[in-house]
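J.: This is the structure I have questions about; it appears just below.
The values are calculated or read from the model by the stated rules, or taken from the named source; none is laboratory data. What you see is a predicted model, and the numbers here were worked out from it, not measured in a lab. When we count neighbours, we look across all protein chains shown, and the Cβ atoms used for this are built from the backbone with ideal geometry, even at glycine. Accessible surface is based on the protein model in full, side chains and every heavy atom, while ligands, DNA and RNA are left aside. Shrake-Rupley method; radii C 1.70, N 1.55, O 1.52, S 1.80 Å.
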Amino acid sequence: MPVTRRLGALLAVVIALLWVAAPVARADEESVRHLDATFAIQPDGTVDVRYELQWHFAETGRHGITFGIATREPWGADDTMDAVYRVDDVRVSSPSGAPAEFSTSEAGEGRRTSTQVRIGDPDVALETQDATYVIEYTLRGALRTFETGPELHWDVTSPDYPTIERFTARVTAPSGVERVRCLDGPGECAGEVREGAGAYSAESPRGVLTVVAGFAADSVANAEPILEPARVTEATLDRFDATMEVRPDGRVDVTQRLSYRFPSGALPVRWAGQQVLVHQPWASGQSHAVRVRDLETTAADGSPVLTHLLPSPLDGSTQRGLLLVAALSGASEHEFTLSYTVDGAVVRDGDVARLRLQFAPDLEETTDARLAVTLPAAPHEVACRRVSTGELGRCSAPDHEVADSTVTFNDVASASGAYKITDISFPAAALTGPGATLVDHPDDALLSRARTGLIGGAGAAVGLGAVMLGVARSNRPRDERYAGTPPGEMGSDDQVRPVDAAEPTTVRFTPPDASLIEAGAVRDGHYRSTHLAATLVQMAVSGQLQLSSRPLNVVAVPDRRPSTEPERTIHEAAAAPGSRVDNRTMRAMRAAALASSTRVIGDAELWRHPDNRGRKRVLRLLAWVPWVLLIAGLLGVGVRYLPAAFGASFLPTMLAFLLVGSIAVKFARRRLPTRTRRARGTAMLDQVEGFRQYLATAEADQLDFEADRDIFRRYLPWAVLFGLTERWTRICRELAMQDRIDLDTSFLAGATLHTLDRDLDDFSSRVADSSTPSTSTSSSGGSGSSSGFSSSSSGGSGGGGTSASSW
């Protein structure tokens, strides 16, 4: 064969191969070429897990991957419990020869946590884009038992994975697997029992992958979840058991047995606190001071625990103190015995004495709360008082029992909190002492000076803020526009002038010479979810996509592939016919739209970025003014005048100055000049705003006169971008009902002529929700609390889950 013919044949083969590969060619993005998982269930209920990931990096120079394994998540069957997974014996290797050094750490807090396995060498950058990693570990707590028998209902992945091109999995059990199910998001993937094992597979899965395997009863031990009480995010008082003993001399000995739960992962020193009233009203014009002394706290083992009563500022005619207890241990649960003595809680009122003392701290989350009050004599009346703005009101006393001189409240949660106090009366003759001394209300002049200080400090801070705002706005650059050129038209960069704010917008009857994302970026100055929603609608009315709002779905039309970015990437990320998108897919679409928007915002031909370094230096100096005045004031106030001056006037003044001043600093910094539009950017903005005004003001008869029958579909994406969907749809609906234009709603599944505007608004809202990035905890969101063979199960309904990303 002549050389020329052989070269021609070879060229034909190359062209044919390129032609065949072209439809599946993708932009080089990070992906998992093949995810293969093995779950080997052992007789003792543990599961030996093996993940093999053939990873394709988006670029060379990466170091490795981070693999997350869920270790805690809320238990779906009981919200008071968490499902816990024990991960042991982690091993990592790389068949491809990539660095396989790894370290583990705990991530997440509260009720969702994970073990993060960081694989790779920070000192070694990979020279290839492809590497294979094998992660092996032992898992406890993964199995469940239902009426149908024991099963593994497990999430292999989570939304926090790059694109997975191929998925396979295998589940083995001691007596063999009897039935299987494979879930891929809302749909299903291939699953079968093969040689006594569960075999699962999926090509280009779109959702969270979940495997379900059922096996014979009693073939495995410990086929139950590991459940623990749900973790808390703040110190929570679970049990409160207290006594108050009123002595004949009027003092009250208080003992509280407290059981606290603390957030996990916090500092080794845990703090618990409760507010107590230390100055409370008695009657009109009179108050009595309550003094707490002899504080002592012991732990369950009898060891002392640091306790302190902090003073609190005046609050109307009451004063609150904060009782703090420090637990000197990192454990999540603690039991304390807190005791103290109260003076001034018992007041003589004629022939009776009254005990007025806080029932209990805030017990809203407490399930077990009891209080027993022992008096010197049998009580006359048991009541509740509410303290509010210096006045006493009535409240319902908790259910109680009276036995001789003891009043027992079996559940004081309803009367807990700093502002509900007892009002228990008993014979005054039982007292040997005079009882509490009544005093006038706190000094009204003192409160007046405090209010004056607050107002003065706030006023000074507002003045400082005005100065800062003047600095921020000084010499503020303005947008430019072409001189001698109609709005929206391009001119010469040598002939520009500042934009006059009074210039009216010129109506434009055709869309701008820009894409929807470019127009949105120029108009808003940043990315918004409506930019993506409008682009999806434009691709749908062009026949490239098929949309649905309930449930949200974006399906690619195979033969209508766009030729421009980011539409091409969005089309590639969309679901194939018969499948459905998930949050990961929507985030990929958002990333493409965001990248396009960022390029527009960074275009030096459209924007000018000001130099704010000088303004920021001045603002930093002004921000120190309140602190300098505070220090100078403290040094200038003599020790002899410190209590009155500091507490009543100076302290409120400076607190207001610092608070309002900090707000003023932030406000001024946000008013620093940002990027301004060059003349080219202003011309594009004129086009966008001119067309927006046309859609916002045009009437039906104008549209019919000025446009063809397909005007609705051509201008609808722009109405979505501008938030004018309802108006545009209403106007076009009138013309469509007169058969003057076409109004085709087939691009949005389920939409009709009368519901299209609502359906589009719902679609835009769902696009925003599903495309917003979330923080990874490796959990897929489910917990496997129900059988994976039920009709309600879907990908992500199982227990556990993993995450994977590169670094």
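J.: Check which residues have an amide H placed less than 5 Å from Leu363's amide H, if you skip close sequence neighbours.
T.: The list, which skips near neighbours in sequence, is Ser416, Gly417.
J.: Quick check: residue separation of Glu699 and Glu59 times 0.36 nm, minus the Cα distance between them. What number comes out in nm?
T.: Working: separation 640, 0.36 × 640 = 230.40 nm, distance 5.23 nm.
That pair, Glu699 and Glu59, stretches by 225.2 nm at full extension.
J.: Further question: Hey, what do the phi angles of the range 118-131 turn into as Karplus ³J(HN,Hα) couplings, whole Hz, using 6.51/-1.76/1.60 and θ = phi - 60°, x for Gly and Pro?
T.: 9, 10, x, 10, x, 8, 10, 9, 5, 8, 10, 9, 10, 8
J.: Could you tell me the accessible area of Ser103 in Å² (1.4 Å probe, neighbours in place), rounded to the nearest ten?
T.: In the full protein context, Ser103 sits at about 60 Å².
J.: When the accessible area of the range 67-107 is computed with all protein chains present and a 1.4 Å probe, what percentage of it is carbon and sulfur? Present the calculation step by step, with values, prior to reporting the outcome.
T.: Numbers: 920 of 1890 Å².
On the range 67-107, the fraction of accessible area on carbon and sulfur atoms equals 49 percent.
J.: How high is the FRET efficiency between Glu109 and Ala300 when r is their beta carbon distance and R₀ equals 35 Å, given to the nearest 0.05? Intermediate results must be reported in sequence, preceding the final value.
T.: Details: r = 26 Å, r/R0 = 0.73.
Result of the calculation: an efficiency of 0.85.
J.: Less than 11 Å Cβ to Cβ from Gly214, Lys/Arg counted +1 and Asp/Glu -1: what total charge do the surrounding residues give? Before the final figure, lay out each step's value.
T.: Values: positive: Arg144, Arg179, Arg181; negative: Glu151, Glu178.
Taking every other residue near Gly214 into account, the sum is +1.
J.: For a quick check: with amide H placed at 1.01 Å from N, whose amide H comes under 5 Å from Ala190's, ignoring anything fewer than 5 positions away on the same chain?
T.: Ser201
J.: Moving on. Considering the options Gln495, Leu536, Gly525, tell which one lies farthest towards the positive end of the dipole of the range 484-555, charges being +1 on Lys and Arg and -1 on Asp and Glu at the Cβ, about the Cα centre.
T.: Of the candidates, Leu536 comes out farthest on the positive side.
J.: Can you check what the net charge comes to around Asp744, using other residues whose Cβ is under 12 Å from the Cβ of Asp744 (Lys, Arg +1; Asp, Glu -1)? Please list the in-between numbers first.
T.: Numbers: positive: Arg709, Arg713, Arg714; negative: Asp710, Asp742.
That sum, taken over residues with Cβ under 12 Å, equals +1.
J.: Hey, another quick one. From the protein chains alone at 1.4 Å, what is the descending order of accessible area for Thr157, Thr485, largest first? Write out the running numbers ahead of the final one.
T.: Values: Thr157 0, Thr485 35 Å².
Heavy-atom accessible area, descending, gives Thr485, Thr157.
J.: Roughly what would the spin-label model give for Thr598 and Met490, points 7 Å off Cα along C-beta, in nm?
T.: Using points 7 Å along Cα→Cβ, the separation is 2.6 nm.
J.: Taking the Cβ of Ile135 as the centre, find all other residues whose Cβ is under 15 Å away and add up their charges (Lys, Arg: +1; Asp, Glu: -1).
T.: Details: positive: Arg50, Arg91, Arg118; negative: Asp36, Asp48, Glu52, Asp88, Asp89, Glu101, Glu136.
Summing Lys and Arg as +1 and Asp and Glu as -1 gives -4.
J.: If DNA, RNA and ligands are ignored and the probe is 1.4 Å, what is the ranking of Leu594, Leu756 by accessible area, most exposed first? Mind showing how you got there, number by number?
T.: On the way: Leu594 60, Leu756 0 Å².
Ranking Leu594, Leu756 by accessible area, largest first, yields Leu594, Leu756.
J.: Suppose the chain between Leu753 and Glu503 were pulled fully straight at 0.36 nm per residue; how much longer would it get relative to their current alpha carbon spacing?
T.: Details: separation 250, 0.36 × 250 = 90.00 nm, distance 3.86 nm.
That pair, Leu753 and Glu503, stretches by 86.1 nm at full extension.
J.: Using modelled backbone amide H atoms (1.01 Å from N, in-plane), which distant-in-sequence or interchain residues come within less than 5 Å of Asp82's amide H?
T.: For Asp82, the qualifying residues are Trp75, Glu228, Ala230.
J.: Shifting gears a bit: Whole-Hz ³J(HN,Hα) for each residue in the range 400-409, computed from phi via Karplus 6.51 cos²θ - 1.76 cosθ + 1.60 with θ = phi - 60°, x for glycine and proline: what do you get?
T.: 8, 10, 10, 10, 6, 9, 10, 10, 10, 9
J.: Then there's this: Is the C-alpha gyration tensor of the range 140-293 telling us rounded, prolate or oblate? Criteria: a/c under 1.5 is rounded; beyond that, a/b larger than b/c is prolate, otherwise oblate. If you can, show how the numbers build up before the last one.
T.: Values: a/c = 4.92, a/b = 2.92, b/c = 1.68.
Since a/c reaches 1.5 and a/b is larger than b/c, the shape of the range 140-293 is classed as prolate.
J.: Once phi is turned into ³J(HN,Hα) by the Karplus curve 6.51 cos²θ - 1.76 cosθ + 1.60 with θ = phi - 60°, what whole-Hz value does each residue of the range 722-730 show in order, with x for glycine and proline?
T.: Karplus values, whole Hz, x for Gly and Pro: 8, x, 10, 4, 5, 5, 5, 5, 5.
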